[in-house]
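Report on the following structure.
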Amino acid sequence: MSDDDGSPGTQDEQPSIDLGTPPTASDGSGAYRVLARKYRPQHFGALIGQGPMVRTLKNAFDQNRIPQAWMLTGVRGVGKTTTARILARALNYEVDGQPRHPTVDVSAPGIHCQAIMEGRHVDVIEMDAASHTSINDIREITDAARYKPVSALNKVYIIDEVHMLSTAAFNGLLKTLEEPPAHVKFIFATTEIRKVPVTVLSRCQRFDLRRIEADALVAHLAEIAAKETVEADEDALRLLARAAEGSVRDALSLFDQAIAHGAGAVTAQSVRDMLGLADRTRVVDLFEHVMKGDAAAALEELQSQYAVGADPHVVLSDLAAFTHLVTRMKVTGEGVEPGEAEEIRTRSEGFAKGLGLAALSRMWQALLTGLGEVQSAPKPVAAAEMVLIRLCYMTSLPEPDAAAASQPRSGRSASPPSAADAPPAPAEPTAYAQERAPERTARAPQPPRKDQGTPAIASFADLVALVGATSVRLKTAMERDMRLVRFEPGRLEVSLEPGAGPTLANELTRGLADITGERWVVTVSEGSTAPTLREAHQAAQDAAKAEAQDDPLVRALLDQFHDAQIAEVRDAPPAAPDADTPPARSQTKT
């Protein structure tokens, strides 16, 4: 298959040759040959998706600027070992009756080509560094490198998974790698380029093989399906390409499996059944239920997909992929991939316009955490259900800007809510209120009824006083264990004291929702130095006591009763207005 960018070394310039693709195995046994081996590229023109590398190598060979070593890196199945063999073939290309010289123009089979591509040429040594990691293995290479090749023009060493070599092995290779004999070339391949020492990288020309785009993979699979006379739907091939994640070998292996699964016919439904994938539109339905906060519908959809064989982990992975798609569309305005159904395109555009970034980001983060939980859970479907329930709750949280805008400004009087704006009264007390009913005392003020509206909350102290009308225990915890970081209507950020209960923030969130009829967001952070309300009250009492001690009447009482102490300073209760009565003074309890 040709490169899409029209780069040098394409199939038009180098017609395909039938090397390594015989109808039967090379040993004559007639054993089946998997597609990944049968359709392995034999020259640079057959490589797909690697146009920049092909162009660089072709120009290097044309200008005789051939280095002593190459480093090929990339994910699995993008063609590292295949590229290494093609390079070895180009270095040793030879045709009877013609002078031999390195070239990428291998339009006709050469003397050494088939043996090199099958990995059995005596002068092209392939070594797996995963099983040959020691300095002794490298010592054999450096000792043998001094001798000229037996029959080919160059002696080529292909070391796969080179990052597995030991430190001593890498060090033993450095000298030969930097100044090898003229007839020696090294080709390294690795999936973990960061594990290769920089001293080795600096002696090689590095090529990063790219993941193959989905469209190129689909076209490649369609071409192979035609050669194999297999009926394959485009939707099925697109599912296989998406599952391969840019790996040609993975795509061909999955295609091989899909042909066997479908008894020679590859359909989208058979591929979904084979891979355990849910229908794409059903994933969108699940996304819609979650974003609406409809937990019952979301669980029913998950169970429906699970009943037909969908893996819970795959369902959540698809849900995360669709969340990423909608978020990306909202940020960039780009559409869905070509080939997607019209329903997918229309609904994803609608989600991108109607959903906020905060909700999408929360869902993405929760899904990333949930995927790990599902993968390690003894019952994946139960873990997936708990993830969906958590998502439904999280998506109902208000946007920060909307929550702030919906609340009255501090210090400003708000008009009393109308009957239409007032939240409906619950039919019965909530579980939170029932649980804490014994904590209420007879003298505690009753919370405002919902039909009367919630009084204006201008400060953290006002909020604590409102909570105290319902729960003395929660009010005490707020006064003793919370240091204020930030207060806004509908939003509270605090630091907790070391002795605070671990569920205090969650209890306060539920309690405020019950008391005010509105949603409050309570977050916990670190580093606040603000005093707690109890500390502030104690400081105010100390100042009031010091002031009271200076009062002549109080001083006279203390002098008269030597054991007396000022226990508390209280404000005098408001009296009825009287023109002849002077303003009340503070009361001092001794």
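The values are calculated or read from the model by the stated rules, or taken from the named source; none is laboratory data. The model shown is predicted, which means the values in this text are computed figures rather than measured ones. Glycine gets a Cβ as well: all are built from the backbone with ideal geometry, and neighbour counts include every protein chain shown. In case anyone asks, the SASA skips ligands and DNA or RNA and just uses the protein heavy atoms, side chains included. Shrake-Rupley method; radii C 1.70, N 1.55, O 1.52, S 1.80 Å.
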For the stretch 108-173, with +1 on Lys and Arg beta carbons and -1 on Asp and Glu, the positive-most of Ile158, His112, Ala129 along the dipole: His112
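Quick one: ranking Tyr32, Tyr306, Tyr39 by accessible area, 1.4 Å probe, largest first, what do you get? Walk me through the numbers on the way to the answer.
Working: Tyr32 155, Tyr306 105, Tyr39 45 Å².
The most accessible residue leads, giving Tyr32, Tyr306, Tyr39.
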Solvent accessible area, Å² - Ser348, 1.4 Å probe, full protein context: 0 Å²
Nitroxide proxy distance, nm - points 7 Å out along Cα→Cβ at Gln538 and Lys227: 8.2 nm
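Take Thr81, Thr229, Thr503 and sort them by solvent-accessible surface of the protein heavy atoms, 1.4 Å probe, largest at the top.
Numbers: Thr81 35, Thr229 120, Thr503 65 Å².
Ranked from most to least accessible, the order is Thr229, Thr503, Thr81.
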Under-5 Å amide H pairs with Asp105, H placed in peptide plane, nonlocal only: none
With all protein chains modelled, accessible area of Asp215 [1.4 Å, Å²]: 80 Å²
Calculated FRET value between Leu357 and Val75, using beta carbons and R₀ = 22 Å, to 0.05: 0.15
Placed amide H near Glu126: partners under 5 Å, 5+ positions off or other chain: Ile158
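Would you list Trp364, Trp70 from the most to the least accessible area, probe 1.4 Å?
Largest accessible area first, the list is Trp364, Trp70.
Charges at C-beta only: +1 for Lys and Arg, -1 for Asp and Glu. How large is the resulting dipole of the stretch 464-518 about its Cα centre, in Debye rounded to 20? Please report the intermediate quantities before stating the final value.
Details: 7 positive and 8 negative charges, 17 e Å.
In total the dipole reaches around 80 debye.
Calculate, for His324 and Arg206, the FRET efficiency according to 1/(1 + (r/R0)^6) with r their C-beta to C-beta distance and R0 41 Å; round to the nearest 0.05. Before the final figure, lay out the partial values.
Details: r = 30 Å, r/R0 = 0.73.
My answer for the efficiency is 0.85.
Rounded, prolate or oblate: which fits the stretch 504-561 when a ≥ b ≥ c are the square roots of the eigenvalues of the alpha-carbon gyration tensor, with rounded for a/c under 1.5 and prolate only if a/b beats b/c?
Details: a/c = 5.30, a/b = 2.82, b/c = 1.88.
It comes out prolate by the Cα gyration axes.
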The stretch 289-298 - phi-based ³J(HN,Hα) in whole Hz, Karplus 6.51/-1.76/1.60, Gly and Pro as x: 4, 5, 5, 7, x, 8, 5, 4, 5, 5
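Let me make sure I get this right: for the stretch 237-278, a, b and c are the square roots of the gyration tensor eigenvalues over alpha carbons, sorted descending. Under 1.5 in a/c it's rounded, otherwise prolate if a/b > b/c, else oblate. Which is it? Before the final figure, lay out the partial values.
Values: a/c = 2.14, a/b = 1.30, b/c = 1.65.
Oblate is the answer for the stretch 237-278, as a/c is 1.5 or above yet b/c matches or exceeds a/b.
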Value of Rg/Rh across the stretch 109-163 [Cα atoms, Kirkwood radius]: 1.00
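Expressed in whole Å with the largest first, what are the equivalent ellipsoid semi-axes of the stretch 79-176 derived from the C-alpha gyration tensor as the square root of 5 times each eigenvalue? The partial results should precede the final answer.
Working: eigenvalues 148, 42, 20 Å².
Result for the stretch 79-176: semi-axes of 27, 14, 10 Å.
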The stretch 99-156 and the stretch 34-49: distance between their alpha carbon centers, rounded to Å: 20 Å
Proximal lysines relative to Lys545, as straight alpha-carbon distance under 20 Å, when same-chain residues fewer than 8 apart are discounted: Lys589
For Glu118, distant residues with modelled amide H under 5 Å away: none
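Find how much the distance from Gln375 to Ala60 grows on full extension, using 0.36 nm per residue of separation minus their present alpha carbon separation; answer in nm with one decimal. Present the calculation step by step, with values, prior to reporting the outcome.
Values: separation 315, 0.36 × 315 = 113.40 nm, distance 4.76 nm.
That works out to 108.6 nm of additional length.
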Compactness of the stretch 44-108 as Cα Rg over 2.2 N^0.38 Å, two decimals: 1.14
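Do any of Lys80/Lys155; Lys80/Lys195; Lys292/Lys330; Lys58/Lys195; Lys292/Lys379; Lys148/Lys175 go past 21 Å between their Cα atoms, and which? Write down the numbers at each step before the final one.
Details: Lys80/Lys155 19 Å; Lys80/Lys195 17 Å; Lys292/Lys330 18 Å; Lys58/Lys195 29 Å; Lys292/Lys379 26 Å; Lys148/Lys175 18 Å.
Exceeds cut-off: Lys58/Lys195; Lys292/Lys379.
Would you work out what percent of the accessible area of the stretch 214-329, with all protein chains in place, is carbon or sulfur (probe 1.4 Å)? Mind dumping the intermediate values first?
Values: 2380 of 4790 Å².
Carbon and sulfur atoms account for 50 percent of the accessible area of the stretch 214-329.
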Area of Cys392 that stays accessible when all protein chains are in place (1.4 Å probe, Å², to 10): 10 Å²
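Report the extension gain between Ala458 and Glu349 in nm, rounded to one decimal, defined as 0.36 nm multiplied by the number of residues separating them, less their alpha carbon distance. Walk me through the numbers before you get to the answer.
Numbers: separation 109, 0.36 × 109 = 39.24 nm, distance 4.07 nm.
Between Ala458 and Glu349, full extension yields 35.2 nm more.
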